[in-house]
Amino acid sequence: MKDNSRRGFMGKAFGAVAGVGAVASLYAMKKSWDPLPSVKAAGFTTLDMSAYKENELVVEKWRGKPIFVLKQSKEMLDTEGENMSKVTGKTTATIDKTRLIKVGDAHYMVTIGLCTHLGCIPGYNPDKKSFLCACHGGMYDDTGMVTKSPPPRGLDIPPFKIKGNTLVLGEEGPEYKKMKETGITL
C-alpha cells in the first residue's frame, strides 16, 4: 500500500512541475510575440498644436514616415476659395476646409508627406502656399489637395485623435472617422 501512495505522490508532483513548466513556456512565448515597448511607442505620436506657426511647414515623424504640419493663416483660409477656382476654372466663394483639422480656433493641414503618385517627398513653397513634387511635377495646395497631375489623390491624412490642444497620431478619433467615411482620406 505504501508503494501506491508514494507512486501517487510522485505522479502529482511530476504533474505539478510539468504544469508550472508549461505555463512558464506559454508566458515566454507570449512575451516574444508581443511588440517591443519601443515599437509600441512608435505607433503613437503626440503633437502639441500650439507650438506651430502660421504658414511654416514643420515635418514631424510618425512610424518612420514624414508628417507635414502646416498651420493655416487667416489669409490662407480667406484665399483658399480663390486658389481652388484658379485650379478648377470654377468661380466659387466657398472655402473648402474639409481636409483641415481644427484644434481650438486654429486650422491645420496634417498629412503624410509622401506624394500619392510614387511616394516622393514634395517640397513646400511658402510664398506660393503650395507643394511641388519635383520628380514628376505633381502639385498640391496648402490643404494637400492635388492642383496638378499626376498624383491620383490628395496627400493622405494619418489617423488622428484630438485631445485638448494636442493631436495624437495613430489613434482614430471621431473627426478622423468622419473624414474616412466621407472619402476625404483613405
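Coordinate-derived values only; no laboratory data. This is a predicted model, so every value here is computed, not measured. Glycine also receives a Cβ, built like all others from the backbone with ideal geometry; neighbour counts cover every protein chain displayed.
A few points about this structure:
- Across the stretch 40-181, the mean sequence separation of Cα contacts (distance under 8 Å, 6 or more residues apart), normalised by length, yields a relative contact order of 23 percent.
- Residues 169, 114, sorted so that the one with the fewest Cβ neighbours within 10 Å comes first: 114, 169
- In the stretch 40-181, taking the dipole from charged Cβ atoms about the Cα centre, the farthest positive-side position among 133, 108, 50 is held by 133.
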